[in-house]
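Working notes for the structure below.
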Amino acid sequence: MSAGPRDTHHDPTSGRAHGDDGHPGRAAVELAGDTVSGAAERGAGTSGPNTVTRTGPAHARGAEQALTGQAGGRRRKKGDKNAVVPDAEFTSYYGRPIVKASPWEKDIPAYLFLGGVAAGSSLLGAGADLSDRPALRRTGRVGALVALTLSMVALVHDLGRPERFHHMLRVAKPTSPMSVGTWILTFYGPFMGLAGAAELLPRRFRASLAGRLLGLSARPAGLVAAVVAPAVASYTAVLLSDTATPTWHDAHRHLPFVFVGSASAASGGLGMIGAPVDQAGPARRLAVGGALLELAVENRMEKAMGITAEPLHAGTPGKLVRASKALTVAGTLGTLLVGRRSRLGAAVSGAALMAGSACLRFGVFEAGQESARDPRYTVVPQRERVEAGRATRIP
(Lines give C-alpha, C1' and ligand atoms only; values in the text may rest on other atoms or scores of the structure.)
Protein backbone atom coordinates (compact mmCIF):
# COMPACT_ATOMS: atom_id res chain seq x y z
CA MET A 1 0.00 0.00 0.00
CA SER A 2 1.38 3.30 -0.98
CA ALA A 3 1.90 5.86 1.73
CA GLY A 4 -0.52 8.78 1.52
CA PRO A 5 -0.84 12.03 3.36
CA ARG A 6 -1.67 11.68 7.01
CA ASP A 7 -4.39 13.49 8.88
CA THR A 8 -2.95 15.44 11.75
CA HIS A 9 -4.44 16.75 14.92
CA HIS A 10 -3.13 18.92 17.77
CA ASP A 11 -3.13 17.59 21.29
CA PRO A 12 -4.22 20.49 23.51
CA THR A 13 -2.83 18.84 26.64
CA SER A 14 0.67 18.29 25.33
CA GLY A 15 0.91 21.09 22.77
CA ARG A 16 2.31 18.58 20.23
CA ALA A 17 1.12 17.69 16.74
CA HIS A 18 0.37 13.98 16.04
CA GLY A 19 -0.33 11.91 13.03
CA ASP A 20 -3.40 9.67 12.64
CA ASP A 21 -1.58 6.91 14.47
CA GLY A 22 -1.24 9.08 17.60
CA HIS A 23 2.53 9.37 17.40
CA PRO A 24 4.59 12.45 16.54
CA GLY A 25 5.46 12.41 12.90
CA ARG A 26 6.51 14.47 10.01
CA ALA A 27 3.54 16.76 10.55
CA ALA A 28 5.05 17.93 13.83
CA VAL A 29 8.18 18.96 12.04
CA GLU A 30 6.15 20.72 9.38
CA LEU A 31 4.11 22.53 12.02
CA ALA A 32 7.27 23.65 13.82
CA GLY A 33 8.76 24.83 10.57
CA ASP A 34 5.68 26.89 9.82
CA THR A 35 5.90 28.45 13.29
CA VAL A 36 9.55 29.40 12.86
CA SER A 37 8.90 30.79 9.40
CA GLY A 38 6.02 32.88 10.68
CA ALA A 39 8.14 34.23 13.51
CA ALA A 40 10.89 35.11 11.06
CA GLU A 41 8.43 36.90 8.81
CA ARG A 42 7.00 38.82 11.75
CA GLY A 43 10.50 39.76 12.94
CA ALA A 44 11.73 40.92 9.57
CA GLY A 45 12.20 44.63 9.21
CA THR A 46 12.20 45.39 12.96
CA SER A 47 15.05 46.72 15.01
CA GLY A 48 16.45 44.90 18.00
CA PRO A 49 14.54 45.21 21.27
CA ASN A 50 15.77 47.71 23.81
CA THR A 51 17.96 49.40 21.22
CA VAL A 52 19.58 52.48 22.70
CA THR A 53 20.15 55.38 20.33
CA ARG A 54 21.35 58.95 20.76
CA THR A 55 17.78 59.92 21.60
CA GLY A 56 17.31 57.21 24.22
CA PRO A 57 15.94 53.64 24.41
CA ALA A 58 14.06 52.77 21.22
CA HIS A 59 11.98 49.98 22.74
CA ALA A 60 10.76 48.94 26.16
CA ARG A 61 10.87 45.15 25.79
CA GLY A 62 12.98 43.10 28.14
CA ALA A 63 16.31 41.52 27.36
CA GLU A 64 14.76 38.06 27.61
CA GLN A 65 12.89 38.90 24.39
CA ALA A 66 15.99 40.17 22.61
CA LEU A 67 16.58 39.01 19.04
CA THR A 68 20.02 38.52 17.61
CA GLY A 69 19.00 40.20 14.39
CA GLN A 70 16.14 41.14 12.16
CA ALA A 71 15.17 37.60 11.24
CA GLY A 72 15.85 34.06 12.32
CA GLY A 73 18.12 31.78 10.35
CA ARG A 74 21.66 30.58 10.01
CA ARG A 75 24.51 33.13 9.65
CA ARG A 76 26.45 32.90 6.44
CA LYS A 77 29.98 34.00 5.70
CA LYS A 78 31.22 37.13 7.44
CA GLY A 79 30.53 40.22 5.38
CA ASP A 80 27.96 38.43 3.18
CA LYS A 81 25.28 40.94 2.15
CA ASN A 82 22.74 38.13 1.92
CA ALA A 83 23.33 36.93 5.47
CA VAL A 84 20.02 36.19 7.17
CA VAL A 85 21.09 37.45 10.60
CA PRO A 86 22.72 40.91 10.72
CA ASP A 87 25.13 42.03 13.42
CA ALA A 88 23.57 42.36 16.85
CA GLU A 89 22.86 45.79 18.24
CA PHE A 90 23.83 47.15 21.64
CA THR A 91 20.85 47.00 23.97
CA SER A 92 19.85 48.09 27.45
CA TYR A 93 17.61 45.98 29.64
CA TYR A 94 14.29 47.84 29.83
CA GLY A 95 16.21 51.08 29.22
CA ARG A 96 17.71 50.85 32.69
CA PRO A 97 21.17 52.30 33.52
CA ILE A 98 24.06 50.07 32.56
CA VAL A 99 26.53 51.81 34.88
CA LYS A 100 25.58 52.33 38.49
CA ALA A 101 25.79 55.95 39.59
CA SER A 102 28.38 56.76 42.22
CA PRO A 103 27.12 56.74 45.82
CA TRP A 104 29.03 59.96 46.47
CA GLU A 105 27.05 63.00 47.59
CA LYS A 106 27.67 66.75 47.84
CA ASP A 107 30.61 66.26 50.20
CA ILE A 108 32.79 65.02 47.35
CA PRO A 109 32.59 68.06 45.00
CA ALA A 110 33.18 70.25 48.06
CA TYR A 111 36.22 68.12 48.84
CA LEU A 112 37.43 68.48 45.24
CA PHE A 113 37.12 72.27 45.36
CA LEU A 114 38.68 72.77 48.79
CA GLY A 115 41.56 70.44 48.01
CA GLY A 116 42.38 72.49 44.92
CA VAL A 117 42.28 75.73 46.91
CA ALA A 118 44.60 74.23 49.54
CA ALA A 119 47.10 73.07 46.93
CA GLY A 120 47.26 76.36 45.05
CA SER A 121 47.40 78.42 48.23
CA SER A 122 50.32 76.44 49.65
CA LEU A 123 52.22 76.98 46.39
CA LEU A 124 51.43 80.68 46.49
CA GLY A 125 52.41 80.93 50.17
CA ALA A 126 55.79 79.30 49.54
CA GLY A 127 56.54 81.71 46.70
CA ALA A 128 55.50 84.69 48.80
CA ASP A 129 57.78 83.52 51.59
CA LEU A 130 60.76 83.40 49.25
CA SER A 131 59.94 86.79 47.70
CA ASP A 132 59.34 88.61 51.01
CA ARG A 133 55.59 89.24 50.76
CA PRO A 134 54.42 88.59 54.33
CA ALA A 135 50.72 89.39 53.80
CA LEU A 136 50.47 87.12 50.78
CA ARG A 137 52.48 84.44 52.58
CA ARG A 138 50.10 84.52 55.54
CA THR A 139 47.06 84.42 53.26
CA GLY A 140 48.46 81.46 51.35
CA ARG A 141 49.48 79.42 54.37
CA VAL A 142 46.39 80.08 56.47
CA GLY A 143 44.11 79.67 53.47
CA ALA A 144 45.71 76.32 52.65
CA LEU A 145 45.39 75.14 56.23
CA VAL A 146 41.71 76.11 56.49
CA ALA A 147 40.85 74.67 53.06
CA LEU A 148 42.68 71.42 53.81
CA THR A 149 40.91 71.06 57.16
CA LEU A 150 37.49 71.63 55.61
CA SER A 151 38.24 69.25 52.74
CA MET A 152 39.19 66.51 55.17
CA VAL A 153 35.99 67.13 57.13
CA ALA A 154 33.98 66.72 53.90
CA LEU A 155 35.88 63.56 53.00
CA VAL A 156 35.44 61.95 56.41
CA HIS A 157 31.77 62.90 56.44
CA ASP A 158 31.32 61.14 53.10
CA LEU A 159 33.16 58.08 54.40
CA GLY A 160 30.75 57.95 57.34
CA ARG A 161 33.31 57.13 60.01
CA PRO A 162 36.71 58.78 60.62
CA GLU A 163 38.52 55.49 61.06
CA ARG A 164 37.84 54.57 57.44
CA PHE A 165 40.44 57.08 56.29
CA HIS A 166 42.93 55.42 58.62
CA HIS A 167 41.99 52.00 57.26
CA MET A 168 42.92 53.12 53.74
CA LEU A 169 46.49 53.57 54.95
CA ARG A 170 46.86 49.86 55.61
CA VAL A 171 47.91 49.32 52.00
CA ALA A 172 49.64 51.34 49.29
CA LYS A 173 48.33 50.42 45.84
CA PRO A 174 49.93 52.41 43.01
CA THR A 175 47.22 51.35 40.55
CA SER A 176 44.44 52.80 42.72
CA PRO A 177 43.89 56.59 42.55
CA MET A 178 42.05 56.38 45.87
CA SER A 179 45.02 54.75 47.59
CA VAL A 180 47.55 57.09 45.97
CA GLY A 181 45.45 60.12 46.88
CA THR A 182 45.19 58.99 50.49
CA TRP A 183 48.96 58.79 50.77
CA ILE A 184 49.43 62.13 49.00
CA LEU A 185 47.16 63.83 51.54
CA THR A 186 48.84 62.02 54.41
CA PHE A 187 52.24 63.31 53.30
CA TYR A 188 51.03 66.80 52.37
CA GLY A 189 48.89 67.50 55.43
CA PRO A 190 51.49 67.60 58.23
CA PHE A 191 53.87 69.90 56.34
CA MET A 192 51.08 72.25 55.34
CA GLY A 193 49.73 72.16 58.88
CA LEU A 194 53.14 73.08 60.29
CA ALA A 195 53.52 76.07 57.97
CA GLY A 196 49.99 77.26 58.69
CA ALA A 197 50.36 76.83 62.43
CA ALA A 198 53.43 79.08 62.40
CA GLU A 199 51.29 81.90 61.01
CA LEU A 200 48.56 81.41 63.61
CA LEU A 201 50.87 81.20 66.63
CA PRO A 202 50.14 84.10 69.01
CA ARG A 203 52.92 86.64 69.40
CA ARG A 204 53.42 85.97 73.09
CA PHE A 205 54.42 82.39 72.36
CA ARG A 206 56.80 83.11 69.48
CA ALA A 207 59.70 83.89 71.79
CA SER A 208 59.44 80.52 73.53
CA LEU A 209 61.54 77.54 72.51
CA ALA A 210 58.59 75.83 70.86
CA GLY A 211 57.67 79.04 69.08
CA ARG A 212 61.17 79.55 67.74
CA LEU A 213 61.37 75.95 66.52
CA LEU A 214 58.00 76.31 64.82
CA GLY A 215 59.09 79.54 63.15
CA LEU A 216 62.31 77.96 61.89
CA SER A 217 60.51 74.93 60.49
CA ALA A 218 57.78 76.94 58.74
CA ARG A 219 59.75 77.71 55.58
CA PRO A 220 61.06 74.17 54.94
CA ALA A 221 57.65 72.73 55.69
CA GLY A 222 55.98 75.20 53.36
CA LEU A 223 58.39 74.37 50.55
CA VAL A 224 57.79 70.63 50.92
CA ALA A 225 54.04 71.23 50.83
CA ALA A 226 54.46 73.36 47.71
CA VAL A 227 56.32 70.53 45.96
CA VAL A 228 53.46 68.10 46.69
CA ALA A 229 50.75 70.67 45.88
CA PRO A 230 50.44 69.89 42.12
CA ALA A 231 49.69 66.26 42.94
CA VAL A 232 47.05 67.34 45.45
CA ALA A 233 45.41 69.58 42.83
CA SER A 234 45.37 67.01 40.03
CA TYR A 235 44.84 63.60 41.63
CA THR A 236 41.15 64.26 42.25
CA ALA A 237 40.59 64.48 38.49
CA VAL A 238 42.28 61.09 38.10
CA LEU A 239 40.06 59.77 40.88
CA LEU A 240 36.95 60.70 38.89
CA SER A 241 38.14 59.73 35.42
CA ASP A 242 39.36 56.29 36.52
CA THR A 243 35.75 55.23 37.08
CA ALA A 244 33.29 53.76 34.56
CA THR A 245 31.08 56.85 34.79
CA PRO A 246 30.86 57.92 31.10
CA THR A 247 31.32 61.70 31.35
CA TRP A 248 34.14 61.44 33.88
CA HIS A 249 35.92 58.63 32.07
CA ASP A 250 35.77 60.22 28.63
CA ALA A 251 37.33 63.38 30.08
CA HIS A 252 40.38 61.53 31.40
CA ARG A 253 42.85 63.16 28.99
CA HIS A 254 41.90 66.74 29.86
CA LEU A 255 40.26 66.79 33.28
CA PRO A 256 43.52 66.93 35.32
CA PHE A 257 44.57 70.07 33.43
CA VAL A 258 41.13 71.59 33.92
CA PHE A 259 41.24 70.93 37.66
CA VAL A 260 44.79 72.29 38.00
CA GLY A 261 43.80 75.45 36.14
CA SER A 262 40.67 75.79 38.27
CA ALA A 263 42.66 75.34 41.48
CA SER A 264 45.17 77.97 40.39
CA ALA A 265 42.41 80.46 39.57
CA ALA A 266 40.67 79.88 42.92
CA SER A 267 43.81 80.09 45.04
CA GLY A 268 44.98 83.17 43.15
CA GLY A 269 41.58 84.70 43.82
CA LEU A 270 41.98 83.95 47.53
CA GLY A 271 45.38 85.63 47.50
CA MET A 272 43.85 88.72 45.89
CA ILE A 273 41.21 88.83 48.62
CA GLY A 274 43.64 88.51 51.51
CA ALA A 275 46.68 90.50 50.37
CA PRO A 276 47.07 94.19 49.47
CA VAL A 277 47.45 94.98 45.80
CA ASP A 278 51.15 95.82 46.12
CA GLN A 279 51.90 92.30 47.34
CA ALA A 280 49.30 90.39 45.31
CA GLY A 281 51.14 90.40 41.98
CA PRO A 282 51.94 86.65 42.06
CA ALA A 283 48.34 85.91 43.04
CA ARG A 284 47.03 87.89 40.06
CA ARG A 285 49.35 86.13 37.66
CA LEU A 286 48.46 82.72 39.07
CA ALA A 287 44.75 83.53 38.86
CA VAL A 288 44.83 84.73 35.27
CA GLY A 289 47.08 81.90 34.08
CA GLY A 290 44.95 79.30 35.81
CA ALA A 291 41.71 80.74 34.44
CA LEU A 292 43.02 80.78 30.87
CA LEU A 293 44.27 77.20 31.21
CA GLU A 294 40.93 76.08 32.62
CA LEU A 295 38.83 77.74 29.91
CA ALA A 296 41.02 76.61 27.01
CA VAL A 297 41.37 72.98 28.05
CA GLU A 298 37.74 72.70 29.12
CA ASN A 299 36.62 73.82 25.66
CA ARG A 300 38.90 71.28 24.01
CA MET A 301 37.76 68.58 26.44
CA GLU A 302 34.08 69.06 25.58
CA LYS A 303 34.80 68.81 21.85
CA ALA A 304 36.81 65.62 22.31
CA MET A 305 34.24 63.89 24.52
CA GLY A 306 31.44 63.63 21.94
CA ILE A 307 28.03 62.64 23.21
CA THR A 308 29.21 62.23 26.80
CA ALA A 309 29.72 66.00 26.98
CA GLU A 310 25.95 66.52 26.70
CA PRO A 311 25.33 66.32 30.48
CA LEU A 312 27.73 69.26 30.90
CA HIS A 313 25.29 71.42 28.93
CA ALA A 314 21.88 70.28 30.19
CA GLY A 315 19.90 70.59 33.41
CA THR A 316 21.55 71.46 36.70
CA PRO A 317 25.06 70.46 35.57
CA GLY A 318 24.71 72.72 32.53
CA LYS A 319 23.68 75.67 34.68
CA LEU A 320 26.64 75.12 36.97
CA VAL A 321 29.13 74.83 34.12
CA ARG A 322 27.77 77.94 32.39
CA ALA A 323 27.93 79.85 35.69
CA SER A 324 31.51 78.64 36.14
CA LYS A 325 32.57 79.96 32.75
CA ALA A 326 30.81 83.30 33.24
CA LEU A 327 32.30 83.82 36.70
CA THR A 328 35.76 82.79 35.56
CA VAL A 329 35.68 85.15 32.58
CA ALA A 330 34.35 88.01 34.73
CA GLY A 331 36.96 87.39 37.42
CA THR A 332 39.76 87.28 34.86
CA LEU A 333 38.69 90.52 33.21
CA GLY A 334 38.31 92.19 36.61
CA THR A 335 41.78 91.05 37.61
CA LEU A 336 43.31 92.45 34.44
CA LEU A 337 41.37 95.73 34.47
CA VAL A 338 41.11 96.77 38.13
CA GLY A 339 43.07 94.18 40.09
CA ARG A 340 46.20 96.32 40.26
CA ARG A 341 44.52 99.58 41.22
CA SER A 342 41.63 98.77 43.54
CA ARG A 343 41.67 96.51 46.61
CA LEU A 344 37.88 96.22 46.40
CA GLY A 345 37.99 95.40 42.69
CA ALA A 346 40.68 92.80 43.33
CA ALA A 347 38.64 91.22 46.12
CA VAL A 348 35.47 91.05 44.00
CA SER A 349 37.40 89.56 41.09
CA GLY A 350 39.02 87.02 43.38
CA ALA A 351 35.65 86.03 44.83
CA ALA A 352 34.28 85.53 41.31
CA LEU A 353 37.19 83.25 40.43
CA MET A 354 36.67 81.19 43.57
CA ALA A 355 32.94 80.88 42.89
CA GLY A 356 33.63 79.85 39.30
CA SER A 357 36.00 77.13 40.46
CA ALA A 358 33.43 75.81 42.92
CA CYS A 359 30.70 75.76 40.24
CA LEU A 360 33.01 73.83 37.92
CA ARG A 361 33.64 71.07 40.45
CA PHE A 362 29.96 70.71 41.30
CA GLY A 363 28.99 70.85 37.61
CA VAL A 364 31.43 68.14 36.56
CA PHE A 365 30.35 65.99 39.49
CA GLU A 366 26.64 66.29 38.71
CA ALA A 367 27.23 65.73 34.98
CA GLY A 368 28.96 62.45 35.73
CA GLN A 369 26.07 61.30 37.88
CA GLU A 370 23.59 62.15 35.14
CA SER A 371 25.62 60.29 32.51
CA ALA A 372 25.60 57.14 34.63
CA ARG A 373 21.79 57.20 34.92
CA ASP A 374 21.21 57.38 31.14
CA PRO A 375 22.26 54.25 29.17
CA ARG A 376 22.81 56.33 26.02
CA TYR A 377 26.10 57.64 27.35
CA THR A 378 27.37 54.11 27.89
CA VAL A 379 26.00 52.40 24.77
CA VAL A 380 26.42 55.02 22.04
CA PRO A 381 30.18 55.66 22.59
CA GLN A 382 30.80 51.90 22.61
CA ARG A 383 28.93 51.50 19.33
CA GLU A 384 30.78 54.42 17.77
CA ARG A 385 34.15 53.00 18.79
CA VAL A 386 33.26 49.61 17.33
CA GLU A 387 31.96 51.12 14.10
CA ALA A 388 35.18 53.14 13.82
CA GLY A 389 37.17 49.93 14.09
CA ARG A 390 38.69 50.75 17.44
CA ALA A 391 38.73 48.40 20.38
CA THR A 392 36.58 49.39 23.32
CA ARG A 393 38.75 50.64 26.16
CA ILE A 394 37.87 49.05 29.47
CA PRO A 395 38.28 51.55 32.33
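The values are calculated or read from the model by the stated rules, or taken from the named source; none is laboratory data. Since the structure is predicted, the reported quantities are computational estimates derived from the model, not experimental observations. Quick reminder, even Gly has a Cβ in these numbers, built from the backbone with ideal geometry, and neighbours come from all protein chains shown.
Within the stretch 340-352, residues that are under 23 Å from A263 (Cβ atoms) have Cβ atoms under 8 Å from residues that are among the polar types (S, T, N, Q) and outside any loop (DSSP other than H, G, I, E, B) in these pairs: A346/T335; S349/T332; S349/T335; G350/T335; A352/T328, counting only partners at least 6 apart in sequence or on another chain.
Scanning the stretch 308-322 for residues that are assigned to a helix (DSSP H, G or I) and surrounded by fewer than 17 Cβ atoms within 10 Å (Cβ to Cβ) turns up G315, T316, K319, R322.
Please go through the stretch 231-255 and pick out each residue that is in contact with a Pro (Cβ under 6 Å, 6 or more places away or on another chain) and more than 13 Å from F113 (Cα to Cα). Lay out the reasoning, then the answer.
Step one: list which residues in the stretch 231-255 are in contact with a Pro (Cβ under 6 Å, 6 or more places away or on another chain), which gives 234, 237-239, 242, 244, 247, 249.
Hits for the stretch 231-255 are V238, L239, D242, A244, T247, H249.
Among the conditions (1) more than 23 Å from the chain's Cα centre (by Cα); (2) surrounded by 11 or more Cβ atoms within 10 Å (Cβ to Cβ); (3) outside any helix (DSSP H, G or I); (4) charged (D, E, K, R), R161 misses just one, which is (2). Across the stretch 323-363, which residue is nearest to V288 (Cα to Cα) among those that are polar (S, T, N, Q) and assigned to a helix (DSSP H, G or I)? Among those residues, the one meeting the criterion is T332. Of all the numbered requirements in (1) farther than 22 Å from S262 by Cβ; (2) out of contact with any helix residue (DSSP H, G or I) (no Cβ under 7 Å at 6 or more places or on another chain); (3) in contact (Cβ under 8 Å) with a residue 24 or more places away in the chain, A197 misses one, and that requirement is (2).
None of V386, V364, V338, V380 is of a type in the set (A, V, I, L, M, F, W, C), modelled with pLDDT under 85 and surrounded by 15 or more Cβ atoms within 10 Å (Cβ to Cβ) except V380.
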